[in-house]
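All remarks here apply to the structure that follows.
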């Protein structure tokens with residue numbers, strides 16, 4: 001059998017995005033050659049700009065706790081390639097990746113395929129053979145032309161918050177981006193829309209055209225008792241919930257997951273007890289989502305990389321009671337560094353700009369210049385030296401550290417542990 005190292009080398013020969021597509025013919029052809037494993041699976045399909053990873057984890061933990069064999073497919077990976085494909089929160093084994101890739105290789109996939117399409121095919125083969133009860137399926141980019149949209153009839157489609165990201169692919173306006181996300185809505189399949197969603201009008205229009213019943217969490221039925229960096233306590237429809245992940249955005253993500261579970265309860269005759277849902281929600285944690293790495297001094301790790309995500313981060317940190325923040329910031333060259341610098345400058349007393357955490361990292365000098373334009377105190381630093389320096393600074397100023405700007409940067413730090 002092909003080794004894991006050889007398998008990863010071959011997968012990486014496919015480009016990250018593949019040759020641009022106008023339809024789903026390429027992934028359809030690949031999966032057809034593999035026997036269409038997706039047709040044997042039951043999906044909860046999730047699209048959105050921000051929040052879809054957290055919603056996916058809330059749903060995974062709830063369904064797993066309720067006794068269902070639950071597959072999860074997410075993008076991108078956080079620590080390692082295998083964490084994109086999991087069953088009951090366990091990564092796909094390396095030998096399984098090799099096994100399913102060999103099957104894919106045997107049908108001669110189109111060289112124009114993306115790494116994402118190959119990874120999706122591996123995941124679907126794995127979930128099929130392991131006989132999962134559900135698959136939580138997160139889109140990569142968009143929805144309409146995303147390879148995951150090859151599935152024909154999900155149990156429920158879930159749409160999380162929409163903001164400007166991947167605009168070179170999805171369009172420059174919220175309605176254009178929302179239209180792509182709405183592509184996962186299928187005829188006569190229920191759709192859950194996250195509360196306070198900028199794409200709601202477009203989502204409603206598409207859902208009504210496709211006779212898809214719409215469910216939206218009722219913010220009026222949510223009573224927030226605590227909301228900070230260290231977690232949230234709230235009541236929803238008279239039931240108490242706690243989340244380990246802090247911030248108002250995580251309450252909205254949790255409500256979206258709870259509304260999705262309500263839809264599944266109707267399908268499966270209320271076989272998901274409230275007590276299990278409460279406990280699962282309280283234990284869910286997603287790496288690099290305003291994650292506390294240490295407390296003395298406080299070090300926060302966050303993968304936000306677009307305007308709304310960075311806005312959520314800065315709002316929450318500004319309400320923390322800590323007045324001095326030093327940022328370690330790195331971004332990829334596809335993101336809007338000027339917009340990020342504008343928002344982060346409102347929070348940060350000092351910024352250390354880094355690169356080399358990924359192949360497409362923006363040069364640290366360019367990122368520094370974006371901050372300097374906002375009159376920020378910014379400097380460049382080698383990646384390995386940034387955190388020790390920032391911790392010393394935070395201790396000396398009774399402040400805290402935030403690492404932000406890219407999921408790839410967050411992944412680099414998590415892999416140093």
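On the basis of being surrounded by fewer than 18 Cβ atoms within 10 Å (Cβ to Cβ), at pLDDT 95 or above and not assigned by TED's automatic domain parsing to the domain that holds residue 15, does residue 351 make the cut? Judged against the criteria, residue 351 is not a match. Within segment 376-393, how many residues turn out to be free of Cβ contacts under 8 Å to residues at least 40 places away in the same chain and out of contact with any helix residue (DSSP H, G or I) (no Cβ under 7 Å at 6 or more places or on another chain)? Of the residues in that region, 7 qualify. Beta carbons closer than 9 Å, at least 6 apart along the sequence or on distinct chains, pair a first residue in segment 110-135 that is over 26 Å from residue 61 (Cα atoms) and in the same structural domain as residue 17 (by TED's automatic domain parsing) with a second that is outside any loop (DSSP other than H, G, I, E, B) and modelled with pLDDT under 95 for 112/15; 113/15; 114/15; 115/15.
Determine whether residue 92 is at pLDDT 95 or above, surrounded by 21 or more Cβ atoms within 10 Å (Cβ to Cβ), in the same structural domain as residue 273 (by TED's automatic domain parsing) and more than 17 Å from the chain's Cα centre (by Cα). Yes. Test residue 220 against the stated conditions and say whether it is on the phi < 0 side of the Ramachandran plot, exposed (fewer than 13 other Cβ atoms within 10 Å of the Cβ) and either free of Cβ contacts under 8 Å to residues at least 60 places away in the same chain or not in a loop (DSSP other than H, G, I, E, B) (or both). Taking the combined requirement at face value, the residue satisfies it.
Could you tell me whether segment 171-181 includes any residue that is in contact with a strand residue (DSSP E or B) (Cβ under 7 Å, 6 or more places away or on another chain) and on the phi < 0 side of the Ramachandran plot? Taking every residue of segment 171-181 in turn, at least one turns out to be in contact with a strand residue (DSSP E or B) (Cβ under 7 Å, 6 or more places away or on another chain) and on the phi < 0 side of the Ramachandran plot. Annotation note: of 295, 284, the sole residue that is more than 16 Å from the chain's Cα centre (by Cα) and either without any contact (Cβ under 8 Å) to a residue 24 or more places away in the chain or buried (at least 19 other Cβ atoms within 10 Å of the Cβ) (or both) is 295.
Conditions first: (1) touching a strand residue (DSSP E or B) at 6+ places or on another chain (Cβ under 6 Å); (2) exposed (fewer than 13 other Cβ atoms within 10 Å of the Cβ). Residue 242 passes all but one, so which condition is the exception? It is condition (2) that residue 242 fails. Residues in segment 354-370 that are surrounded by fewer than 22 Cβ atoms within 10 Å (Cβ to Cβ), closer than 25 Å to residue 16 by Cα and over 24 Å from the mean Cα position of the chain (by Cα): 363, 366.
The values are calculated or read from the model by the stated rules, or taken from the named source; none is laboratory data. Everything numeric here is computed off the predicted structure, so don't read it as measured data. Neighbour counts are summed over all protein chains in view; Cβ atoms, including those assigned to glycine, are modelled from backbone coordinates with ideal geometry.
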